[in-house]
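Notes to accompany the following structure.
The values are calculated or read from the model by the stated rules, or taken from the named source; none is laboratory data. Just so it is clear, the model here is predicted, and its values are computed rather than measured. Glycine gets a Cβ as well: all are built from the backbone with ideal geometry, and neighbour counts include every protein chain shown.
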Amino acid sequence: MKPETKLGKQLQTFNRFAGLFHLIQAIALFFILNSDTKIPVITRFFTDTPEGIRPVSETLFEFPIALIAPIFLLLSAIAHLLISAPFYIQRYEQNIAKGINPPRWWEYSISSSLMLVVLLMLGGLIEISAIVLIFTLNFIMNLMGLVMEKYNQLTEKVSWLPFNIGVVAGIVPWIMGGLYFWVSTNNIADAIPVYAQFGFLLTFIFFNTFAINMFLQYKKVGKWKDYPYGEKAYIVLSLVSKSVLGWVIVLGTMGV
């Protein structure tokens, strides 16, 4: 099937370009990444010692941190190429006309959660319970974007409840990460690599631009009165944020 309108063709081209660019970067980063830089994932539990019950840590496993970069880029590539594929493009166009794009939020829920997890692990959040919490809260935050679009299909006046729930869920990992980054950089010299600090700041800014984009869409500010304009903004923001963080992580772990 082909797109029904000129806008549909534009969005199809836009998504294909983004998908291919994500894919090329994912392949390139996979072949140049440094697999020697590994971060442990630990668990903590109590044990009985001669001095009494004390908490101890145990490493569950270690993995090359840079490997996450090509993975979240690949996930975005697959999502963009699928929604611009002939079998889905008409449905995608119809959804955009209604002001909703479900695949976007499912992809963000996984890819951005991986981005946030790897970033905060570089800041010291390496306990398995913290990792699961960070991933889950960010996953929920993104799905609240989908709920926002679905729920407001049924209302005459915009309801901001899903948006506000998403903000609450999404801010908690950043507070946790911010505390770890602040404590580490103020008490342990060179505890967090400069590239990780740089990535933390940039990613925080990028993550907030997605919320701002949705806010402008539903407030119908300027060009955002037209939902497809916000859709294009999402594509650009996703491409830029994942590209920047991917290269920052891979080049940083290579010592560049």
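Observations on the structure shown:
- Set V240, V168, V250: member being buried (at least 19 other Cβ atoms within 10 Å of the Cβ), β-branched (V, I, T) and either modelled with pLDDT under 85 or part of a helix (DSSP H, G or I) (or both): V250
- Restricting segment 112-130 to residues that are of a type outside the set (A, V, I, L, M, F, W, C) and surrounded by fewer than 22 Cβ atoms within 10 Å (Cβ to Cβ), the residue that is nearest to E58 (Cα to Cα): E127
- Of all the listed residues (S109, S113, S57), the sole one being in a helix (DSSP H, G or I), among the hydroxyl-bearing types (S, T, Y) and farther than 19 Å from L202 by Cβ is S109.
- For first residues located in segment 212-236 and at positive phi, partners that are in a helix (DSSP H, G or I) and lie 6+ apart or on another chain with Cβ distances below 8 Å form the pairs G222/L216.
- Pairs where the first residue, in segment 150-166, is in contact (Cβ under 8 Å) with a residue 12 or more places away in the chain and closer than 13 Å to I140 by Cβ and the second is of a type outside the set (V, I, T) and not in a helix (DSSP H, G or I), C-beta under 7 Å, 6+ apart: none
- Hey, A85 under 19 Å from the mean Cα position of the chain (by Cα) and small (G, A, S) or not: no
- Filtered residue count, segment 1-54, keeping only those that are of a type in the set (D, E) and out of contact with any strand residue (DSSP E or B) (no Cβ under 9 Å at 6 or more places or on another chain): 2
- Output for segment 156-165, where each listed residue is in a loop (DSSP other than H, G, I, E, B) and over 18 Å from N101 (Cβ atoms): E156, K157, S159, W160
- Within segment 194-212, the set of residues being among the polar types (S, T, N, Q), more than 15 Å from S184 (Cβ to Cβ) and surrounded by fewer than 18 Cβ atoms within 10 Å (Cβ to Cβ) comprises N208, T209.
- Top-ranked residue of segment 1-40 - restricted to ones that are exposed (fewer than 13 other Cβ atoms within 10 Å of the Cβ) and among the polar types (S, T, N, Q), ranked as farthest from I89 (Cα to Cα): S35
- Considering residues of segment 171-192 that are in contact with a helix residue (DSSP H, G or I) (Cβ under 6 Å, 6 or more places away or on another chain) and in a loop (DSSP other than H, G, I, E, B) only, the residue modelled with the highest pLDDT: I192
- Restricting segment 98-119 to residues that are free of Cβ contacts under 8 Å to residues at least 40 places away in the same chain and not hydroxyl-bearing (S, T, Y), the residue that is farthest from L137 (Cα to Cα) is P103.
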